[in-house]
Each structure stands twice: as C-alpha cells, then as structure tokens.
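Scroll down for the structure; my scribbles are underneath it.
The values are calculated or read from the model by the stated rules, or taken from the named source; none is laboratory data. All values reported here derive from a predicted model rather than from experimental measurement. Cβ placement follows ideal geometry from the backbone for every residue including glycine, while neighbour counts extend to all protein chains displayed. Only protein heavy atoms, including side chains, enter the accessible area calculation; ligands, DNA and RNA are left aside. Shrake-Rupley method; radii C 1.70, N 1.55, O 1.52, S 1.80 Å.
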Amino acid sequence: MVERSGEEAPVASRRLSSLRLRILFLICLVAVPLSVERIMALFADRQDQIQSLEDDVRDLVRRATLAQLEGLTRARTVLDVVSRQAEDLLEDLNACIPFVTRLADEVAGIQGVFIATPEGDVKCAHAPLAMGVNIADRPFFHDALAAEDMLMTELSFSRVSGLNSVFMLRTERAPGGKPLAVAGIILDLQWLSRIAAGSAVEVGAIVDVVGEGGTVLVRYPTLPEIVEHRFPDHPLTRKIMAAKEGVVTTIGYDGKERIFAFNRFEGLDLRVVVGMDTAKVLTPIDRKIQTTALVHFAALACFLLVSWFAAERIIITPIARLTRSVAAVGRGEADHVKDNDVTEFAPLVRAFNEMARRLSQRNSELRTMNGRLASLARTDGLTGLANRRTFDVQFSQDWVRARGDGAPLTLVMLDVDHFKAFNDARGHLSGDEALRGVARMLSAAATGTSHLVARYGGEEFIVLMSGADLAAGLAFAEDVRRLLSEVAIAHPASPRRRLTASFGVASTIPTLEGSPDTLVAAADAALYEAKRSGRDRVVAHADLYASGANGTFR
C-alpha cells in the first residue's frame, strides 16, 4: 500500500494543478467580462463620436450649399434677365454696356457679363478688352448654341482676364428656335471661395466646390496644388459623382483621410463637399480606449495575481495539507487524517479516518495472516521444525558468511532406522508421532545454540551448526542418539525393539572454490556409512582429501 500511495502522488499533483487552472478560469469568468464591457462601452462611445461627426458634416454641407446656392441663384437670375433682353441690348449698345457693367459691379458672385452674336462676336461686355472678341472657336460656345437651357462650363481659360474661369451661358432664340444672341456670365470664384471660408472657418472643416470631371473650382483652405486642378479618377471624385448627396469616409484631394458630406446643386453639375479630419475627433477617444484598456488589463493582471495567491492560501493549501495527511496514513506514518479546520472538509476527514481505521484493521489482519503464511512457508507442518527450503536458504547464507570469516561449518544428518517397518507395524499415526518425538529431542539438544534443526525429508533430519567443528558435531549427534535411546520408543520390527536413528557428521571450512552441495554429500555419505555398519550409531566423514572444488572434510 505504501508503494501504491507513492505511485499516485504525481496524479494528485496534476489534479492540484488542474484545480488551480479551474480557479483561475472562474476568476477570469468574473473579471474578463467586466473589462470587455468597459472596452465595448468605449468603442460604442467612439462610434457615437463618429456618428456625431457625420451629423456635423451633413449640417455643414447643407449650410455651405445654401450659402453657395445664394450666389449661384443670383448669377442665374442675372443670366435670365440678360438673355431675355439680349436681342434688344445688342441693338442699343450704348444702353447695353452700362447695363452689363452695372450688373458685374453690383451683383455679388459675378465677375463679368457679356452678350455675343450667334456668330460668336462679343458685342456687349463689362470689360472693354472683351469687346470685339470672337468666341466661335470655343467648344463651350457651340455647346451653348445647342443647349435648350442654361449651360455651365468646366473650368476654362479666359482670353480677357488670362485666368481660369467658369461661364454660365444661355442662348436667346426666336419662336422658331433660331439663335438670336448668347448671353454669358463669368462666375466670381474668389467670391465663392470666401463663402466657403465663411462656412467652415469656425469648425476647422475643409470645403470644396467640385465641378464636372472632378475639377476643384473652390477650395478652403486654399491649396494651389488642388484648386483649379482636375481629379477625375480620385476616390473622392468617384464617390461624390455616384450620388446626389451622402456621407463617405475616404482620402481627400490632399491625401488625408476625412469624413466628407457632399451635396449637388439642383440643375448644375456642381457639388459642395465638406470634410472634417477624423483624426482630430477620434484621436482623443482612441487614446482614451488604449489607456483604459491598458489600465484594465494591468488591473486584471494584478487581480488575477492576488486571486491566485489568495486561492493558493485559502483553497489549495488546505487541500495539499489534506492530501499529505491522507498520504501519510497510506504510507503508515500516521494512524488518522488531521483536521484542516475547514468546515467543508470535515465530512471528508471523517470518511478518510473511518477508511484509515478499517484499512489499519485490515492491514493488521493481513500482517497476521502473512506472518502465519510465512511461518508455514518456513516450517515443516508435521514436526514444527524448519523445512527443507528454509534450510537451503540459511545454509547458503551461512556458507558465504563462514567463507568470509574463515570459520568452520558442520552438518549433522540423521535418519530414523527401519521407519517403514515402524509404520507398517504401528500405523502411520504412530509414525507421525514418532517423528515429532525425534524433532522434540533435536530441538531440546539445540536449545541455547544457534543451530538450525530442519526436517530434510521423510524420516530424515539435518542440523546446521555454524561455527562448530567436527568434534562439536559428533558430540551433538551422540547427545541426540542417547536421548532417543533413553526415551525408548517401542519398535517391534527393530532388532533392538526400540526406535533408533543413524547419524552422519561432516565439517569443513568453506573456501572460494568449495560448494555447499559437497558438504551435504559428505554428511549423507557418513549417514550411509552409519546405516551400512549396523545403524544406531554416529559416523563422521572420515575421508581426508584436499579439494579444489570440494574443500577439506574431517
């Protein structure tokens, strides 16, 4: 049972480790969801910030569109007025020139006004340099002649001002559809830019007015590399051209990611785009998320560490003490399991102690039984002497010891004379009792000595005398023969009418080359000689020879 307990110790250790992991898992079940909930709340706050930012840019783009629409509406109104009067004004240039000049000077958002004939000759204009210029070669002029309604051009180079400009053109027609005159308005892009600045300066947004083909007409804050440049394949251009209005998050024309809201002017291929830098809004909340996450995970690590040590002291240590106490009982080092002062362990301790009591009782019974079995294994059942196996073991051990000490080793072998005839005459029960009587005499003779008396087989007995020489062996044999003679157990079939025995004695000093079997053979030979020479006598092995393998016998 001790070995079994030792084998199960690693298993118990693994279970304790598993229990620690389970405790840690239970702690995580409580701590981790709290941290995750906090982090998720921060991400929800971040999403709310993004939604709020999208709402802000939607509101900004509506205000910017309304502000830009005011100027564009005035420009369209002026164009309508001029185009309806274009035929009459061309007939009276003295009235036309002051009229268009006053409009260009007084109406905000207009940089210039002109009227051209169907052949492209500018007859009336706000700028003297524009008078007499022919624009028939300009593509937008032919587009205007073909258009049924107002036409707004892309960014085009002005021959008069030398600047890129945007024109709004309308063709006045006769009832039959024949062109009579073409009226044109030049938009004041600087004015549109000022409106854009007014829409965004307070909130730090950017405002783009984007025309057909991704041409940036107006930009606030102004960037020379963006204003009056075309970006037909830019991601922002593709997204704002795909719908009339909306909100997108993408890279702007300046390469920075922003949230953009856009809106298209009704009737014009123009879009107002307002963008706000997401980093300015989201960086603080992202930093807050990172800081909170670090703080929570650091606190979680500390909590887990403290919980680990607390669980070790509160749970694992009592279990370990209980395990050690149970193992001590299992190894026989203790007779009961100690109380751990843990209420929940009390039934377990009682159960272990009851089991230990029963195991102790069972072990005691087993030890008694094992002792009896060992005794039975070592002794002869009939005589109570040592049996042949016990003799062989002891003889081998004494031989080795005597060889090391240089001490003599003597064997006395005896055989009951005419024992078969005794059994035939008096019966086997009497024979058994006779053998027990011989055994008692041998034991009595060996009392007070270290001699081993054994039943060698049948009616044969043998006495192992360690440290005794041949003379001591002969004296011992004579004592036994005398005692047997004095007892005078009746033997009707024996010539002497009593039970006798023959004795053979051999002695040697064991050597490295010698063999225990040789000494047994010598004693057996002496016994045979005693039988042959008349029985009821003691004979010593009388041959003297030096041995290599046999030793020296006397």
Residues in the stretch 467-502 that are assigned to a loop (DSSP other than H, G, I, E, B), closer than 21 Å to F395 by Cα and either open to solvent by 70 Å² or more (accessible area, probe 1.4 Å) or out of contact with any helix residue (DSSP H, G or I) (no Cβ under 8 Å at 6 or more places or on another chain) (or both) total 1
Of those in the stretch 140-151 that are open to solvent by 60 Å² or more (accessible area, probe 1.4 Å) and part of a helix (DSSP H, G or I), the residue nearest to E119 (Cα to Cα) is H142
So T283, is it of a type in the set (S, T, Y), buried (at least 17 other Cβ atoms within 10 Å of the Cβ) and part of a helix (DSSP H, G or I):
no
Please state which one of L268, L236 is surrounded by 14 or more Cβ atoms within 10 Å (Cβ to Cβ), touching a residue at least 12 places away in the same chain (Cβ under 8 Å) and in a loop (DSSP other than H, G, I, E, B).
L268
Would you mention how many residues in the stretch 1-46 are within 22 Å of E312 (Cα to Cα), open to solvent by less than 70 Å² (accessible area, probe 1.4 Å), modelled with pLDDT of 70 or more and of a type in the set (A, V, I, L, M)?
5
Pair list, Cβ < 8 Å and 6+ apart or interchain, from the stretch 531-552 residues that are at pLDDT 90 or above to residues that are in a helix (DSSP H, G or I) and open to solvent by 70 Å² or more (accessible area, probe 1.4 Å):
V538/E478
So which of E154, E106, E87 is surrounded by 13 or more Cβ atoms within 10 Å (Cβ to Cβ) and under 30 Å from V274 (Cα atoms)?
E154
Please work out if D137 is in a helix (DSSP H, G or I) and either of a type outside the set (S, T, N, Q) or open to solvent by 60 Å² or more (accessible area, probe 1.4 Å) (or both).
no
What pairs come out if I take residues in the stretch 251-265 that are closer than 14 Å to G214 by Cβ and pair them with residues that are charged (D, E, K, R) whose C-beta lies under 6 Å away, six or more apart or interchain?
I251/E257; G252/R258; F262/R271; R264/K244; R264/R271
If the Cβ limit is 9 Å and pairs must be 6+ apart or interchain, which residue in the stretch 353-364 that is in contact (Cβ under 8 Å) with a residue 40 or more places away in the chain pairs with which residue that is open to solvent by less than 70 Å² (accessible area, probe 1.4 Å) and not in a helix (DSSP H, G or I)?
N363/G332
Go through the residues of the stretch 40-56 one by one and say whether even a single one is out of contact with any helix residue (DSSP H, G or I) (no Cβ under 8 Å at 6 or more places or on another chain) and touching a residue at least 24 places away in the same chain (Cβ under 8 Å).
yes
